[in-house]
Amino acid sequence: MSLALLVCVILLVGFEAEALSYDYSASIECLAHPQNPLYNGGIIQNPELNNGLQGWTAFGDARIEHRESLGNKYVVAHRRNQAHDSVSQKIYLQKDKHYTLSAWIQVSEGNVPVTAIVKTTTRLKFAGAIFAESNCWSMLKGGFTADESGPAELYFEGNNTSVEIWIDNVALQPFTEGEWRSHQDESIEKARKRKVLVRAVDEQGNPLPNASISFVLTRPGFPFGSAINSYILNNGLYKNWFTSRFTVTTFENEMKWYSTENVQGREDYSVADAMLQFVKQHNIAVRGHNIFWDDPRYQPGWVPSLSPYQLNSAVEKRVRSVVSRYRGQLISWDVVNENLHFSFFEGKLGQAFSGRIFHEAHNIDGQTTLFLNEYNTIEDSRDGVSIPARYIQKLKKIQSYPGNAGLPIGIGLEAHFSGPGINFPYLRASIDYLAATRLPIWITELDVASQPRQSQYFELALRELHGHPMVRGIVMWTAWSPQGCYRICLVDNNFRNLPAGNVVDRLLSEWRLSKLSGMTDQNGFFEANLFHGDYEMEISHPVMKNYTFTQRLQVTPIEEYFKETKQFVQLSMK
């Protein structure tokens with residue numbers, strides 16, 4: 001008798017959650033009409049302004065009025081003398097709840113940053129910002145966590161007091177910590193797993209019950225790893241600890257320009273080459289970090305004194321050298337690092353510099369994704385330099401460079417969280433907004449600053465970021481050195497886990513199924529819900545004594561979070 005196996009891999013169709021589901025949608029387009037408020041406005045009274053100014057009041061010395069255009073009703077703040085002069089609504093906050101905020105904003109002229117602020121009895125909380133335009137509506141999406149229960153006021157401010165601020169379709173939805181965690185679980189079921197349905201039949205197509213089936217994960221599908229440095233090359237404990245856990249890495253400094261050409265004209269890639277050879281032996285992917293770093297403090301010592309002509313020649317040589325050397329060996333390049341906070345090269349070589357370098361890197365290494373890598377885009381809502389809206393402005397500028405349309409560009413979010421605490425609603429909403437570009441999003445340098453609950457916030461950040469359906473990979477900025485780590489260490493100098501290392505191991509055990517086994521039912525079916533990755537599937541049946549059939553199976557993600565797909569694999573066992 002022969003045994004035939006029909007294997008069907010299907011997307012998990014539904015995840016039942018008692019809590020209100022989180023809405024990951026966002027719009028980066030400026031629209032003629034605002035979209036409906038999320039969650040029907042949540043706790044906001046009269047969110048669509050259909051009932052006049054009910055629930056809305058002037059804030060500061062602004063005058064407000066109710067207007068209608070093309071059938072759409074909204075509130076306008078005008079005669080503004082100070083940034084905070086605008087429109088507001090009184091709300092009541094509950095301590096420790098997460099509040100997700102959305103609103104549609106327009107201004108009377110120009111392209112103006114508008115910020116959402118929540119004023120409590122003790123502090124101001126920055127909840128998000130957007131560049132509002134005239135003649136169309138822009139979506140602001142953000143959020144905050146309430147530190148205390150009590151009355152508060154939501155308002156919108158803009159430094160340009162000469163413009164009117166128009167507000168419509170505001171939503172403020174609270175979630176408990178348990179509900180917030182349920183969103184992560186729901187997202188993991190949808191975005192990180194798929195159902196595998198196996199059916200065992202004989203050669204006549206009759207179902208075979210009681211076939212034993214097991215799945216063993218051989219390689220996880222979600223890229224997760226840590227930065228490393230040259231210390232790993234001569235430290236066996238470091239090698240073993242690292243390679244047993246991670247599938248992706250970034251070299252902390254060894255590919256940077258100041259490391260490979262410390263003296264002008266003397267290039268030395270020996271350390272980076274050795275590190276790349278080591279990780280390739282262990283099937284660990286590498287993010288290229290970086291071609292250029294825009295921070296003037298981190299240029300090779302000989303670079304700042306160059307004339308513009310000399311700098312341009314050095315830049316051209318650097319691009320050709322490093323990108324061609326590692327062409328086809330990396331999964332990504334951080335092209336012009338921290339290009340929103342700093343402008344060393346643009347200041348000397350012109351505002352088109354970044355777009356030009358993306359173009360040149362792609363011409364040399366056309367298959368590798370090119371990243372704009374930046375900090376504080378998701379970490380700190382108060383840093384107006386790198387808010388998601390400004391990040392997208394920079395992306396569009398790079399994409400507008402001649403020949404850059406359609407380049408494989410990625411969004412790199414460093415995720416260096418300072419204390420105290422983390423604004424998780426703002427973090428999640430910011431990724432929602434960036435995800436509307438449909439570009440791949442990676443967390444590239446995750447760590448948490450020293451604080452009393454450092455390891456707890458580290459775990460919460462990892463859970464939040466892994467749980468976001470649009471995050472494609474995570475690299476922690478936790479390279480080990482004898483002198484200590486940048487901000488947070490996973491291990492001590494004997495490579496025994498510290499609290500953060502225990503967090504990583506605990507999460508790895510959750511996110512990776514080590515082994516699953518079971519038996520087919522009376523109709524020959526066995527169903528498993530598996531994390532994405534490569535598996536060895538073993539199948540045996542009582543009629544096939546002393547014989548086990550082994551088949552490799554790849555459980556792959558889908559491109560679209562909400563799209564349902566099916567994948568069929570026909571196997572036979574004789």
Inset, instruction - Quick one: divide the alpha-carbon radius of gyration of region 38-175 by 2.2 N^0.38 Å and tell me what you get. - result: 0.96
Legend entry - Rotationally averaged projected area of region 367-447 (alpha carbon convex hull; nm²): 5.4
Legend entry - Whole-Å distance, taken between Cα centres, linking region 283-327 and region 470-490: 23
Inset, instruction - Determine ³J(HN,Hα), in whole Hz, for all residues of region 344-349 in sequence, where each value follows from phi through the Karplus function 6.51 cos²θ - 1.76 cosθ + 1.60 and θ = phi - 60°; x replaces Gly and Pro. - result: 4, 6, 4, x, 9, 10
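Once Rh for region 197-252 is found with the Kirkwood sum over Cα pairs, what is the Stokes-Einstein diffusion coefficient at 4 °C and 1.567 mPa s, in µm²/s?
Taking Rh from Cα pairs, D becomes 86 µm²/s.
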Inset, instruction - Would you compute, for the Cα atoms of region 135-222, the largest minus smallest coordinate along each principal axis and list the three values in descending order, in whole Å? - result: 79, 38, 25
Legend entry - DSSP beta bridge pairing in the chain, given as percent antiparallel to the nearest 5: 75
Inset, instruction - Take the alpha carbon atoms of region 182-235, find their center, do the same for region 78-127, and report the distance between the two centers in whole angstrom. - result: 44
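For region 54-171, what is the accessible area per residue in Å², given a 1.4 Å probe and the full set of protein chains?
On the way: 4600 Å² over 118 residues.
Per-residue accessible area for region 54-171 comes out at 39 Å².
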Inset, instruction - Output the direction-averaged projected area (hull surface divided by four) of the convex hull of the alpha-carbon atoms of region 324-426, in nm². - result: 7.4
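Multiply the residue separation of LEU498 and ARG297 by 0.36 nm, subtract the distance between their alpha-carbon atoms, and state the gained length in nm to one decimal. Walk me through the numbers before you get to the answer.
Values: separation 201, 0.36 × 201 = 72.36 nm, distance 3.19 nm.
Using 0.36 nm per residue and subtracting the Cα-Cα distance, I get 69.2 nm.
In terms of the ratio Rg/(2.2 N^0.38 Å) built on C-alpha atoms, what value belongs to region 182-304? Before the final figure, lay out each step's value.
Details: Rg = 22.8 Å, N = 123, 2.2 N^0.38 = 13.7 Å.
This ratio for region 182-304 stands at 1.66.
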Inset, instruction - Do me a favour and compute the ellipsoid semi-axes for region 37-111 from its Cα gyration tensor, root of five times each eigenvalue, largest one first, whole Å. - result: 22, 17, 12
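What is the Cα radius of gyration of the chain over 2.2 N^0.38 Å, N being its residue count?
On the way: Rg = 26.5 Å, N = 574, 2.2 N^0.38 = 24.6 Å.
Against the empirical 2.2 N^0.38 Å value, I get 1.08 for the chain.
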Inset, instruction - Using only C-alpha positions, report the orientation-averaged shadow area of the convex hull of region 222-512, nm², one decimal. - result: 14.4
Inset, instruction - Mind putting a number on the dipole of region 38-175 about its Cα centre? Charges go on the C-beta only, +1 for Lys and Arg and -1 for Asp and Glu, and I need it in Debye to the nearest 20. - result: 240
Inset, instruction - At q = 0.12, 0.19, 0.20, 0.25 Å⁻¹, what is the base-10 log of I(q)/I(0) for region 261-355 according to the Debye formula with one equal point scatterer per Cα and no solvent? Please give it to two decimals. - result: -0.42, -0.98, -1.07, -1.45
Legend entry - Residue (of SER455, GLY355, ILE488) at the positive-pole extreme of region 222-512, dipole from beta-carbon charges: GLY355
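Which pairs in the list LYS97/LYS190; LYS95/LYS125; LYS193/LYS515 are over 20 Å apart, alpha-carbon to alpha-carbon? Spell out each step's value before the answer.
Details: LYS97/LYS190 25 Å; LYS95/LYS125 14 Å; LYS193/LYS515 15 Å.
Those over the limit are LYS97/LYS190.
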Legend entry - Nearby lysines by direct alpha-carbon distance to LYS256 (threshold 18 angstrom, same-chain neighbours under 8 apart not counted): LYS317
Legend entry - Spin-label proximity, TYR486 to region 415-429 - amide N less than 20 Å from point 7 Å beyond Cα toward beta carbon: 415-423, 427
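Just need the relative contact order of region 38-175 here, percent rounded to a whole number, with Cα pairs under 8 Å and 6+ apart.
On the way: 395 pairs, mean separation 47.2, N = 138.
Normalised by residue count, the contact order of region 38-175 is 34 percent.
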Legend entry - Relative pair counts by distance (%), Cα atoms of region 292-342, 10 Å bins: 21, 49, 27, 2
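The values are calculated or read from the model by the stated rules, or taken from the named source; none is laboratory data. Not measured: the values here are computed from a predicted model. Because the Cβ atoms are built from the backbone with ideal geometry, glycine has one as well, and the counts that use them run over all protein chains shown. Heads up: the accessible areas ignore ligands, DNA and RNA and are worked out on the full protein's heavy atoms, side chains in. Shrake-Rupley method; radii C 1.70, N 1.55, O 1.52, S 1.80 Å.
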